[in-house]
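Read through the structure below, which is laid out as structure tokens, and then see the notes.
The values are calculated or read from the model by the stated rules, or taken from the named source; none is laboratory data. What you see is a predicted model, and the numbers here were worked out from it, not measured in a lab. Reconstructed Cβ throughout: ideal geometry from the backbone, glycine too, with neighbour counts over all protein chains shown.
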Amino acid sequence: MTFVETLTPIVTGIIEPRAVQTDREGRFPREAISALGEAGLLGLVSATEVGGLGLGLREAAEVVSRIAQACPSTAMVVCMHYCGAVVLESFGKLPVRQAIAQGKHLTTLAFSEADSRSHFWAPTGTARANGAQVILDARKSWVTSAFEADSYVWSSKPLAAEGASTLWLVGAKLAALSQQSGYDGLGLRGNASTPITATGVAVSADDQLGEDGKGFDAMMGVVLPWFSTLSAACSTGLMEGALSRAITHVSGTRHLHLDSSLADLPTIRAYLARARIKTDMAQALLKDTLDAIATSRPDTMLRVLEVKAATAETALEVTDIAMRVCGGAAFRKEAGIERLFRDARAASVMGPTSDVAYDFIGKAITGLPLF
Ligand SMILES: Cc1cc2nc3c(=O)[nH]c(=O)nc-3n(C[C@H](O)[C@H](O)[C@H](O)COP(=O)(O)OP(=O)(O)OC[C@H]3O[C@@H](n4cnc5c(N)ncnc54)[C@H](O)[C@@H]3O)c2cc1C
């Protein structure tokens, strides 16, 4: 069976039927994550030597995109897991890599902090040596799958070296980690994204991921291409989901006194055409970004920055069109469109935010240093 054949029944049988409840109750999609783990899909990017499927970013994007058509909350949990997993594939120890490959370990990124906010590359949380242990203190501002994941790929200021940051593997259930309250947000309501405070969290010095002070390199070289592309996959999947729901609604809804459907109105069709064009442009940019990364093209970093901002902003436009063409019906939960409209708003404020990406892209094309 291909990974797509494995994924499809999980989406249609488990994720899609629970998507409304996940959103309404702000409930973490535990059944979906367990099913994905049992089917081997949480180990999609883990090497075959450790028991994973040994697949890459292109396949991960397909998984995230397909899930996002049904439930963007679940898609973002999986997106963050793949981003953390790829860091652990490079720097993690064998047991955690094997656990991820076996689908028994969910991970995520804990980068953003209360004091440096969306500038995730500049943690202010600290790490200090204490014998064979390292003590971490931080006020993480947003962590997807907070207290639901098994581990966090965690950033801090370096222990002793020069540099912007150091990465750590932090067990998610450590007692010195705390959460003030659960997540009750506008969108992606099922992904348990909350602040986490670390007050004297003790990890082993062995839990350092990569060299001290080199966290920035891993963030830019490994995490950014994966996160930007998978966030784009989430946004494009979400657009496809909104568009197909809107098309179903306008095709099946009639003005009986005129004996015509909403789709018979040229204005409605023109809006849908615009949404289709925008979605296809976003899909084309995503495909080109995957090609650029796969072949290490010289414009790869530019594409990586572009694809997240372009798809995040386009998803806002496409879900806006879906709301418009479905009229008042789109305000009701049962059409499933207002949920995607709300979910779409997260990508543009997730780091690098669209406005930060515009600044970086502007610097890159005018020959200025990014940092
Ligand atoms: C649902 C959700 C899940 C998340 N999950 C995670 C996670 O798992 N791990 C994680 O580490 N983080 C996560 N984040 C955090 C995210 O990556 C950002 O750090 C966060 O959304 C930024 O919000 P803020 O209010 O702190 O931004 P601020 O930095 O306060 O930004 C406010 C506004 O200022 C703009 N701005 C800031 N700097 C610049 C600049 N230099 N140029 C132009 N404009 C600028 C921003 O674009 C934004 O519009 C998540 C966020 C959300 C919404």
>> I need a count of the residues in region 323-343 that are touching an Asp or Glu at 6+ places or on another chain (Cβ under 9 Å) and either among the hydrophobic types (A, V, I, L, M, F, W, C) or outside any helix (DSSP H, G or I) (or both).
In response: 5
> Among the residues of region 125-138, which ones are surrounded by fewer than 16 Cβ atoms within 10 Å (Cβ to Cβ), touching a residue at least 24 places away in the same chain (Cβ under 8 Å) and outside any strand (DSSP E or B)?
Replying inline: Ala132
>> If I filter region 28-49 for residues that are more than 20 Å from Gly210 (Cβ to Cβ), at pLDDT 95 or above, of a type in the set (Ser, Thr, Tyr) and out of contact with any Gly (no Cβ under 8 Å at 6 or more places or on another chain), do I get at least one hit?
In response: yes
> Of all the helices (runs of 4 or more DSSP H) wholly in region 1-115, which have at least 1 residues that are within 17 Å of the chain's Cα centre (by Cα), buried (at least 23 other Cβ atoms within 10 Å of the Cβ) and in contact (Cβ under 8 Å) with a residue 12 or more places away in the chain?
Replying inline: 16-25, 30-38, 57-70, 72-91
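Considering only residues that are within 11 Å of the ligand (Cβ to nearest atom) and over 12 Å from Thr166 (Cα atoms), look in region 116-131 and name the one that is farthest from the chain's Cα centre (by Cα). I'd like the intermediate steps shown before the answer.
Residues of region 116-131 that are within 11 Å of the ligand (Cβ to nearest atom), as a first pass: 116-123.
Subset that is over 12 Å from Thr166 (Cα atoms): 116-120.
Details: Ser116: 20, Arg117: 17, Ser118: 15, His119: 17, Phe120: 15 Å.
Going through the qualifying residues, I end up with Ser116.
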> Of all residues in region 319-348 being surrounded by fewer than 23 Cβ atoms within 10 Å (Cβ to Cβ) and near the ligand (Cβ under 9 Å from one of its atoms), which is nearest to Arg189 (Cα to Cα)?
Replying inline: Arg345
>> Just to be sure before I move on: is Leu302 in contact with a Ser or Thr (Cβ under 6 Å, 6 or more places away or on another chain) and either aliphatic (A, V, I, L, M) or under 20 Å from Trp226 (Cα atoms) (or both) in the structure I sent?
In response: no
>> Return the residues of region 202-219 that are within 16 Å of the ligand (Cβ to nearest atom) and either in a loop (DSSP other than H, G, I, E, B) or over 28 Å from Ser348 (Cβ atoms) (or both); say none if nothing qualifies.
In response: Leu209
> From Asn130, Asn191, which residue is out of contact with any strand residue (DSSP E or B) (no Cβ under 6 Å at 6 or more places or on another chain), modelled with pLDDT of 95 or more, outside the structural domain of Met80 (by TED's automatic domain parsing) and over 28 Å from Ala357 (Cβ atoms)?
Replying inline: Asn130
> Quick check, is Ile293 surrounded by fewer than 16 Cβ atoms within 10 Å (Cβ to Cβ), in contact (Cβ under 8 Å) with a residue 40 or more places away in the chain and more than 16 Å from the chain's Cα centre (by Cα)?
Replying inline: no
>> Based on this model, can you work out whether Arg97 counts as near the ligand (Cβ under 10 Å from one of its atoms) and either among the basic types (Lys, Arg) or modelled with pLDDT under 95 (or both)?
In response: no
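Which one is nearest to the chain's Cα centre (by Cα), of the residues in region 349-370 that are free of Cβ contacts under 8 Å to residues at least 24 places away in the same chain and within 7 Å of the ligand (Cβ to nearest atom)?
Taking region 349-370 as the starting set, the residues that turn out to be free of Cβ contacts under 8 Å to residues at least 24 places away in the same chain are 355, 359, 362-363, 366-370.
With the extra rule that they be within 7 Å of the ligand (Cβ to nearest atom), the set shrinks to 355, 359.
Details: Asp355: 18, Asp359: 21 Å.
Among those residues, the one meeting the criterion is Asp355.
Any chance region 210-220 includes a residue that's closer than 30 Å to Arg342 by Cβ and under 16 Å from the mean Cα position of the chain (by Cα)?
Yes: one or more hits.
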